[in-house]
1. Can you find a residue that is small (Gly, Ala, Ser), within 15 Å of the ligand (Cβ to nearest atom) and either in a loop (DSSP other than H, G, I, E, B) or more than 16 Å from the chain's Cα centre (by Cα) (or both) anywhere in segment 124-147?
2. Name the one entry in Gly285, Gly304 that is more than 18 Å from Leu64 (Cβ to Cβ), under 14 Å from the mean Cα position of the chain (by Cα) and within 14 Å of the ligand (Cβ to nearest atom).
3. Anything in segment 256-282 that is more than 13 Å from the chain's Cα centre (by Cα) and closer than 26 Å to Arg170 by Cα? List them, or say none.
4. Can you tell me which condition Ala76 does not meet? The list is (1) farther than 23 Å from Val247 by Cβ; (2) near the ligand (Cβ under 10 Å from one of its atoms); (3) in contact with a Gly (Cβ under 8 Å, 6 or more places away or on another chain), and all the others hold.
5. Being closer than 24 Å to Pro164 by Cβ, in contact (Cβ under 8 Å) with a residue 40 or more places away in the chain and out of contact with any His (no Cβ under 9 Å at 6 or more places or on another chain) is the requirement here; does Ala239 meet it?
6. Within segment 13-59, how many residues are within 11 Å of the ligand (Cβ to nearest atom), among the hydrophobic types (A, V, I, L, M, F, W, C) and under 19 Å from Ala84 (Cβ atoms)?
7. Which condition from (1) within 15 Å of the ligand (Cβ to nearest atom); (2) over 20 Å from the mean Cα position of the chain (by Cα) is the one that Pro207 breaks?
8. Before we move on, is Val102 free of Cβ contacts under 8 Å to residues at least 60 places away in the same chain and either out of contact with any Pro (no Cβ under 7 Å at 6 or more places or on another chain) or over 21 Å from Leu328 (Cα atoms) (or both)?
Amino acid sequence: MSTGPLAELHDKARAVLDPVHYDYYAGGVGDEVVLGENEAAFRRLALLPRVLRGAPTRDLGVDLPGGHLDLPVLVAPTAFHRLAHPEGELATARAAAAAGTVLVSGVASTVAIGDVVAAARAVRAEASVWFQLYPQPDQDVTACLVERAERAGCTALVVTADSPVFGRHRRDAEHGFHDLPAGLAAENMRDLPGGPPGGVRDIGMSPSVSWRDLDRLRELTSLPLWLKGVLHPRDAVLAVEHGVAGVVVSNHGGRQLDLVPAAVEALPAVVDAVAGRVPVLLDGGVRGGGDVAVALALGAAAVGVGRPVLWGLAADGEAGVSRVLAVLRDEVDHVLALCGGRDLADLTPDLVVSRGTGVS
Ligand code: FNR
C-alpha cells in the first residue's frame, strides 16, 4: 500500500498488531508473487474518462442476490477478527451494517454467526450478512453449518472453492503460528456432529470436493449460493449451470496457489463466459476507489475487500472499519464523477485501457 488514508490505517495496524498476527493477515502463499500482483495489476490499468455527461449526485447502489449494497464494496470473508481487535467480527458487522453494505462472515470467525448477525441487525434492521463456508469433508458438518447460518438469518451462502488443501504460508511457518491464542476459537465449529461435546472441530479442507457437493448444498438451502474462488472461465460456466446466484473471481488474496493471475486480470474472461446470467464479484488487491471503478468497468457488479478491513479493525475497531468503507465510498463517488458517471452502469469496459500501450 502506498499513501492515503487506507495506507495510514495499514501502518497503524502494523504498529499495534503482534507481528506474528500481522504476518498472518498480510502474508500470502509461496513467494507471494500473486499477493503483489493483485495490487500491481491495478496499477497497470488506466481509465479513459468520458466528459460532459455527469450528474450533480451519483447513485452507488447495487442490488445483488442476498442483499442491497449502498456502495459497490462488500467485506470479503477473512478469518479470526478477534486477533485484530477484542470485539472481532462484532465490530466488523456493526461497521458494515452502518455503511449499508454486506459482511461476508467466515466460517473461521472468532464470534458465532448468530451473534455476528445480531450485531449487524442491532445497527440496521435490514442489514444483510452472508455466511462463507468451505464444504467440509463430513457432509453432516456442512449441513449443520448451513442450518446455523440460516437460523442466524444470513441472506446468502458463499462457498469457497479455491481451497482443496491449505495454502502454504511461509511467514506463518517461520513464526510457528499454527493455533489461535488461548481464549479464541473458530466459534462456528463448536458442538458439531462428530466433534467433542462443547468443543471445537478443526475446519477441514477436502481435495475431493466436487460439483456434486455444490449440488448438495443447493438442495440443502434455498439461500442464494455464491461460488468464490473462480478463475477459469469454464468453471464460471459450470457454476452457472449448477445454479449459483453469482460468482466471485478471487485468488483468495494470493493465499492459495502462487501461480495464478492477478484477480483483476482473470476477471474479463469470467465476465465474458458468464455473459450476464449471474452477477460477478471480484476480490483481491482492491486498495482504493480507483481500483473499485476499474473492476466495475471490467464487469464486476461489486468488489470485496479483505485486508483493508482487517487493518481498519486492528487500528481502531469498529470506527476503523467504518473509516475504510467511508473512504472507499467517497473515492468511488469521486472517480465516478471524474468519469462523467451518474451511476455504476456508466462504468463500461471501453473506459479501461492498459498503461503504456496507448488506447486499444
Ligand atoms: C482470507 N480469505 C478467506 N477467504 C475465504 O473464503 N475464507 C476464509 O476463511 C478466508 N480467510 C482469510 C484470512 C485472511 C487473513 C485473509 C487476508 C484472507 C480471502 C478473502 O476472502 C479475500 O479473497 C481476500 O482477502 C481478498 O484480497 P485482499 O482484499 O485481502 O487483497
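The values are calculated or read from the model by the stated rules, or taken from the named source; none is laboratory data. Note that this is a predicted model, so its numbers are computed, not measured. Here Cβ is always computed from backbone atoms with ideal geometry, including for glycine, and neighbour counts include all displayed protein chains.
1. Let us first name the residues in segment 124-147 that are small (Gly, Ala, Ser), namely 125, 127-128, 143.
Now drop any that are not within 15 Å of the ligand (Cβ to nearest atom), which leaves none.
Looking through segment 124-147, none of the residues is small (Gly, Ala, Ser), within 15 Å of the ligand (Cβ to nearest atom) and either in a loop (DSSP other than H, G, I, E, B) or more than 16 Å from the chain's Cα centre (by Cα) (or both).
2. Gly285
3. Selection gives Gln256, Leu257, Asp258, Leu259, Val260, Pro261, Ala262, Val264, Glu265, Ala266.
4. (1)
5. no
6. Residues that pass the stated criteria total 2.
7. Of (1) within 15 Å of the ligand (Cβ to nearest atom); (2) over 20 Å from the mean Cα position of the chain (by Cα), only one is false for Pro207: (1).
8. For Val102, the condition - free of Cβ contacts under 8 Å to residues at least 60 places away in the same chain and either out of contact with any Pro (no Cβ under 7 Å at 6 or more places or on another chain) or over 21 Å from Leu328 (Cα atoms) (or both) - is met.
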